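What follows is a short report on a single structure.
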There are 2 protein chains.
Amino acid sequence: MQNSYSHSLSTNKQLTQKSVNRCFNGEQHYYSHESTSTKTSMTFSIYLPDEALAGRRCPAILYLSGLTCNADNVTHKAHFQQKCSELGMILIAPDTSPRSSEESDVPNDDRYFVGQGASYYVDATQAPWSDNFNMQSYIVDELYDLLRSEFPIHSIGVTGHSMGGHGALLLGFKFPSKFVSVSALSPVCAASESAWGVAAYTEYFGDDESLWAQADASKMIEKVGQQYSSILVDQGGADNFLAEGQLQTSKLQEACTKANQPLTLRYQAGHDHSYYFIQTVISDHIEHHWHMAQLS
Amino acid sequence: MQNSYSHSLSTNKQLTQKSVNRCFNGEQHYYSHESTSTKTSMTFSIYLPDEALAGRRCPAILYLSGLTCNADNVTHKAHFQQKCSELGMILIAPDTSPRSSEESDVPNDDRYFVGQGASYYVDATQAPWSDNFNMQSYIVDELYDLLRSEFPIHSIGVTGHSMGGHGALLLGFKFPSKFVSVSALSPVCAASESAWGVAAYTEYFGDDESLWAQADASKMIEKVGQQYSSILVDQGGADNFLAEGQLQTSKLQEACTKANQPLTLRYQAGHDHSYYFIQTVISDHIEHHWHMAQLS
């Protein structure tokens, strides 16, 4: 009976391990590190199946969370661990933005869709945001390189929920050389035309319209054309944010049609925007990324 | 595409529906009601698979949570919904004790293992607890009858975690006519001899030793003998509360041996006391209760 497992980090001292919990045939870890992109300490969770703990390179999924979330929500509530354990996949959940702490004072906004918890995974160009809100660089450069150097990663796919679904689609198509697969759950499909995104981009980009277009997933897909043999998107049919016009799923569908980008788009009857929906479909997304990793 | 589901409650007005979320092929509901046992409002969650929503009687599991928990912890973090959806099972998660509110002032204690969140599922006999802390009566009489009258339930099994595992074993063997199956995760197996239970029972029962023995799962099993064709217990091998002597799993094993009660007891290597462990084994427990319900 083996009672403990450990992951031997390299001698690189960039990561501070915060917790380890065994879960299915693997371990759920949390780490923090000092980020040069955000000038703050950043925390992420990573699920490591036993194959990875034994040092074998595994396909990985970067999961980008939505408005108001940090790494905890998906790690506690989405139940990705069982399928990752079955398939031998790594899943990394970063925070959604830099945060204020005793060491660093990060700008914020009273609206939940702007500021801390609401980065939209872009690099802000306007004060006071541009000092810290560089989540595009954090995800696709800094964290990406850190993960590849510290963990036995074979390839990386990107997914996310809501504002994180926007992030997954945007970064997946803006930096296709970084990712082998893309999927999204209930994504904000046209951030530059949604009420949430208009409020945020007014703060982060001011009136520079070219930056707005580069931060809109549907416009990015239309611009760059097909990048993946298929992408998977799930959307709850009873999602109040779909009804309110924040998600604009039809614009993603139109963009993929124009770009000749194969899209599997599933409207799931009766499902809302919550983690009850995420847990319902997450296994299919993990399998999608696993299959794409086998082809890469 | 069907976008909404509904559960038609009977005209009995005892229940107030607090929320409904679609999850897998079923719905996660929350209800509150005024309890005569605890003299407070009580909240429970119930997962209803589509079979139950269509009015077909389904086997049900009563899940009793551990110290400090309410209905939310297991409902958000244990991920029982997928397996319940697959098998067509109902799962009910009550609160762990009465709670203070604007309408009712319930006694409490600074220690997390006594008072609100720490009922041990017994009927207290000592002031100030005996007015409200009647969770045995609440579970096996009041809530039990309410569930059977309001939802299409075929039969009820009982399970739980930690202090709730104690509750499942205790109530399952004290009231075997009520339940068709029993299992437990990381249970407190001998509450009257654990530091947590000694502190709680000193408050709830004073020095009446006969009441202490009737509130100890291992002693109850030894007293009443075999009641079920088998029971299932999972215990994390790296559980700090096992090491500290709060759980005393070996006493359960000895009691079952003496009682000729078949026990499947599994020590899971490397696993701790957390919901990461619960989610790892919960599907096996749901299948155990499902199989027992088929035989009932």
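Points worth noting:
- Options A:104, A:100, A:65: the member that is farther than 17 Å from residue B:279 by Cα, among the polar types (S, T, N, Q) and within 13 Å of the chain's Cα centre (by Cα): A:65
- For region B:53-92, a residue qualifies if it is part of a strand (DSSP E or B) and within 14 Å of chain A (Cβ to nearest Cβ), and exactly one does: B:91.
- Region A:86-122: number of residues that are in contact with a strand residue (DSSP E or B) (Cβ under 9 Å, 6 or more places away or on another chain) and buried (at least 20 other Cβ atoms within 10 Å of the Cβ): 13
- When the helices (runs of 4 or more DSSP H) confined to region B:201-296 are screened for residues that are of a type in the set (A, V, I, L, M, F, W, C) and within 14 Å of another protein chain (Cβ to nearest Cβ), those reaching at least 3 such residues are found at B:275-295.
- Annotation note: of A:113, A:179, the sole residue that is assigned to a loop (DSSP other than H, G, I, E, B) and within 23 Å of residue A:48 (Cβ to Cβ) is A:179.
- Among the residues of region B:111-132, those that are among the hydrophobic types (A, V, I, L, M, F, W, C), farther than 19 Å from residue B:169 by Cα and in contact with a helix residue (DSSP H, G or I) (Cβ under 6 Å, 6 or more places away or on another chain) comprise B:114, B:129.
- Residues in region A:32-62 that are more than 16 Å from the chain's Cα centre (by Cα) and under 23 Å from residue B:78 (Cα atoms): A:48, A:49, A:50.
- Test: residue in region B:202-210 that is closer than 21 Å to residue B:38 by Cβ and in contact with a Lys or Arg (Cβ under 7 Å, 6 or more places away or on another chain): no
- Of all the residues in region B:267-293, those that are under 23 Å from residue B:90 (Cα atoms), among the aromatic types (Phe, Trp, Tyr) and either touching a strand residue (DSSP E or B) at 6+ places or on another chain (Cβ under 7 Å) or modelled with pLDDT under 95 (or both) number 3.
- Among (1) among the small types (Gly, Ala, Ser); (2) more than 26 Å from residue B:134 (Cα to Cα); (3) surrounded by 19 or more Cβ atoms within 10 Å (Cβ to Cβ) - the single one residue B:217 does not satisfy: (2)
Quick grid of which residues meet (1) exposed (fewer than 15 other Cβ atoms within 10 Å of the Cβ); (2) touching a residue at least 12 places away in the same chain (Cβ under 8 Å); (3) farther than 19 Å from residue B:281 by Cβ; (4) touching a Gly at 6+ places or on another chain (Cβ under 8 Å):
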site	(1), (2), (3), (4)
B:225	yes, yes, yes, no
B:230	no, yes, no, no
B:233	no, yes, no, yes
B:245	yes, yes, yes, no
B:251	no, yes, yes, no
B:254	no, yes, yes, no
B:262	yes, yes, no, no
B:267	no, yes, no, yes
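- Which listed residue, of A:210, A:162, is small (Gly, Ala, Ser) and out of contact with any Ser or Thr (no Cβ under 6 Å at 6 or more places or on another chain): A:210
- Residue check for residue B:131: more than 14 Å from the chain's Cα centre (by Cα), more than 25 Å from residue B:193 (Cβ to Cβ) and either without any contact (Cβ under 8 Å) to a residue 12 or more places away in the chain or crowded, with 24+ Cβ neighbours inside 10 Å (or both): no
- Some residue of region A:168-186 being aromatic (Phe, Trp, Tyr), buried (at least 24 other Cβ atoms within 10 Å of the Cβ) and at pLDDT 95 or above: yes
- Check on residue A:139, under 22 Å from residue A:158 (Cα atoms), touching a residue at least 12 places away in the same chain (Cβ under 8 Å) and assigned to a helix (DSSP H, G or I): yes
- Selection within region A:148-167 - within 25 Å of residue A:249 (Cα to Cα) and part of a helix (DSSP H, G or I): A:163, A:164, A:165, A:166, A:167
- Residue A:23 vs. criteria closer than 27 Å to residue A:176 by Cα and either touching a residue at least 40 places away in the same chain (Cβ under 8 Å) or more than 10 Å from chain B (Cβ to nearest Cβ) (or both): no
- Near pairs, Cβ below 6 angstrom, 6+ apart or cross-chain, from region B:278-296 (closer than 18 Å to residue B:74 by Cα) to any residue that is of a type in the set (Lys, Arg): B:283/B:83; B:286/B:83
- Any chance residue B:103 is within 14 Å of chain A (Cβ to nearest Cβ) and not hydrophobic (A, V, I, L, M, F, W, C): no
- Of all residues making up region A:209-222, the number that are more than 20 Å from the chain's Cα centre (by Cα) and touching a residue at least 40 places away in the same chain (Cβ under 8 Å): 1
- Of all residues in region A:10-29, those satisfying the criterion of being surrounded by fewer than 20 Cβ atoms within 10 Å (Cβ to Cβ), out of contact with any helix residue (DSSP H, G or I) (no Cβ under 9 Å at 6 or more places or on another chain) and either among the β-branched types (Val, Ile, Thr) or at pLDDT 95 or above (or both) are A:11, A:16, A:17, A:18, A:19, A:20.
- Within the set B:100, B:45, B:19, the sole residue that is out of contact with any Ser or Thr (no Cβ under 7 Å at 6 or more places or on another chain), assigned to a strand (DSSP E or B) and of a type in the set (Gly, Ala, Ser) turns out to be B:19.
The values are calculated or read from the model by the stated rules, or taken from the named source; none is laboratory data. Worth saying up front: this structure is predicted, and the values here are computed from it rather than measured. Every residue, glycine as well, gets a Cβ built from its backbone with ideal geometry; the counts of neighbours run over all protein chains shown.
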